[in-house]
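A short worksheet on the structure shown next.
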Amino acid sequence: MSVSECQPAIFLSHGAGPSFYMDATTEPRVKGLDKDSTAANVLKSFVTDHSITTPKALVVFSAHWEEEICSVTSPENYSLVYDYGDFQWPPETYEVRWPVTGAPDVAKRVKDLLEARGIPCNEDNKRGLDHGVFIPLKLVFPEANIPVVEVSLLKSYDMGEHLKIGEALSDLSKENILVIGSGFASHSGMCESNLPWAEPFREWLHDLVSNPNYSPNERKGQVPGLL
């Protein structure tokens, strides 16, 4: 696979719990992230809009799985984990189905790549897919015909350690594997409305990841304490 044929690494918002499957006329609290929202439509057309070729597998980092040691799911079949929090969502949101299979060979590849860089990795053959995986990806890949592996974040939240994980897994893109981050850049928990830090953080993050003038080391240098 040539460089031009490599899969990208992408980041997706997974909304507010199961919001993408709810109607804002009956659930006004999810307006803007509801089933008819621009956010939901962006996911529905993501593959076409960004010319994503069909990947061999999806490797997904979800904001809803944290471990002391980086962990990867390795079962052949999954249950879904409706970990929406205590927001009393409608009953039908706990009946969302997305019957993807796992990819034990890809899970092993993830583990091998991490351990080759000195990063410990555990395999978990029991964990189901949390809503950070199935909520957005059911819209992006509704056929559920591409195997999925989920990878945890670290409980430490250490940005440098997470960057090392990303660098260790960069070869996956050359192997026709689509690496996906799922979460929010910031998250009010649907509780706060006055977040004065959110907009400056958004601007800093956007510059960090998209400014074409940075060299790799200059990009890292924008993160306090990383270099």
Pick from region 4-52, criterion free of Cβ contacts under 8 Å to residues at least 40 places away in the same chain and hydrophobic (A, V, I, L, M, F, W, C), ranking: farthest from His64 (Cα to Cα): Ala24
Tally of residues being buried (at least 19 other Cβ atoms within 10 Å of the Cβ) and either in contact with a Lys or Arg (Cβ under 7 Å, 6 or more places away or on another chain) or assigned to a strand (DSSP E or B) (or both) across region 156-171: 1
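Per-residue answers, yes or no, for (1) within 18 Å of Glu76 (Cα to Cα); (2) free of Cβ contacts under 8 Å to residues at least 40 places away in the same chain:
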position: Asn125; (1), (2): yes, no
position: Leu129; (1), (2): yes, no
position: Pro136; (1), (2): no, no
position: Ile146; (1), (2): yes, no
position: His162; (1), (2): no, yes
Matching strands (runs of 3 or more DSSP E) fully within region 67-155 where at least 3 residues are surrounded by fewer than 22 Cβ atoms within 10 Å (Cβ to Cβ): 122-124
Of all residues making up region 211-226, the number that are surrounded by fewer than 12 Cβ atoms within 10 Å (Cβ to Cβ) and closer than 16 Å to Gly166 by Cβ: 2
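From Lys155, Lys164, grab the single residue that is more than 18 Å from Gly17 (Cα to Cα), basic (Lys, Arg), assigned by TED's automatic domain parsing to the domain that holds Trp89 and at pLDDT below 95. Lay out the reasoning, then the answer.
Values: Lys155 fails: at pLDDT below 95.
So the residue among Lys155, Lys164 that is more than 18 Å from Gly17 (Cα to Cα), basic (Lys, Arg), assigned by TED's automatic domain parsing to the domain that holds Trp89 and at pLDDT below 95 is Lys164.
Based on what the data block shows, is Ala185 over 19 Å from Asn77 (Cβ atoms) and either in a helix (DSSP H, G or I) or aliphatic (A, V, I, L, M) (or both)?
Details: over 19 Å from Asn77 (Cβ atoms): yes; either in a helix (DSSP H, G or I) or aliphatic (A, V, I, L, M) (or both): yes.
Yes; evaluated as a whole, the condition is true for this residue.
Among the candidates Val140, Val110, which residue alone is closer than 30 Å to Val30 by Cα and outside the structural domain of Leu208 (by TED's automatic domain parsing)? Working first, answer last.
Values: Val110 fails: closer than 30 Å to Val30 by Cα.
Checking each option against the conditions leaves just Val140.
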When residues of region 208-227 are limited to those that are among the polar types (S, T, N, Q) and in a helix (DSSP H, G or I), the one farthest from Ala185 (Cα to Cα): Asn217
Residue among Thr25, Thr48, Thr54 that alone is surrounded by fewer than 16 Cβ atoms within 10 Å (Cβ to Cβ) and not in a loop (DSSP other than H, G, I, E, B): Thr48
Tally, over region 83-133, of residues that are among the basic types (Lys, Arg) and either under 17 Å from the mean Cα position of the chain (by Cα) or within 28 Å of Gly15 (Cα to Cα) (or both): 3
Test for Tyr94: is it within 29 Å of Arg29 (Cβ to Cβ), in contact with a His (Cβ under 7 Å, 6 or more places away or on another chain) and not hydrophobic (A, V, I, L, M, F, W, C): no
Residue within region 76-87 that is without any contact (Cβ under 8 Å) to a residue 40 or more places away in the chain and touching a Gly at 6+ places or on another chain (Cβ under 8 Å) present: yes
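The values are calculated or read from the model by the stated rules, or taken from the named source; none is laboratory data. This is a predicted model, so every value here is computed, not measured. So basically every Cβ, Gly included, is an ideal-geometry build from the backbone, and we count neighbours across all protein chains shown.
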